[in-house]
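Here the structure is laid out as structure tokens; the discussion comes afterwards.
What follows is calculated from the coordinates using simple rules that are stated; it is not laboratory data. It should be emphasised that the depicted structure is a prediction, and the values quoted were computed from it without experimental measurement. Here the Cβ is made from the backbone with ideal geometry for all residues, glycine too, and neighbour counts use every protein chain on show.
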Amino acid sequence: MRCIVNAWPAWTVAHRVSFSPKARDDLRQLYLYIAERAGERRALAYLERIQQYCLGFSTFPERGTLRDDLLPGLRIIGFERRVTLAFHVDASTVTFDRFLYGGRDLGLLSDGE
């Protein structure tokens, strides 16, 4: 019996993962926030976990909840129950638009933020 898992690479196309300027700024602010409260080592480790999680979207990009009510094509997903990742997917790229920490309002996304 042939395992179907062996056939996956033949039809799986990896997406490029990118971060918008606002997402990069969100990550910088998150680093500063955590470093001030818990130390630089802990802040760096947390951001490295977020980065690894995001890179995983290259092989399975259409995760999370589709939120067309906020912006067409917007998807959101939580990370470790503290950060909401807002992103969109096109034919070849997953773009992370924002990282909202600690319950920040998703309305920020529809207001041109």
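Some observations on this one:
- Averaging over all projection directions, the Cα-based convex hull of region 45-95 occupies 3.6 nm² in the image plane.
- Each label point was placed 7 Å from the Cα along the Cα-to-Cβ direction; for R16 and E62 their separation is 2.1 nm.
- A simple spin-label model places pseudo-atoms 7 Å from Cα toward Cβ; at L71 and S92 they are separated by 2.2 nm.
- Translational diffusion coefficient of region 15-110 (Stokes-Einstein, Kirkwood radius from Cα pairs, 10 °C, 1.306 mPa s): 117 µm²/s.
- Most simply put, region 15-110 has about 80% antiparallel DSSP beta bridges, counting only bridges with both residues inside it.
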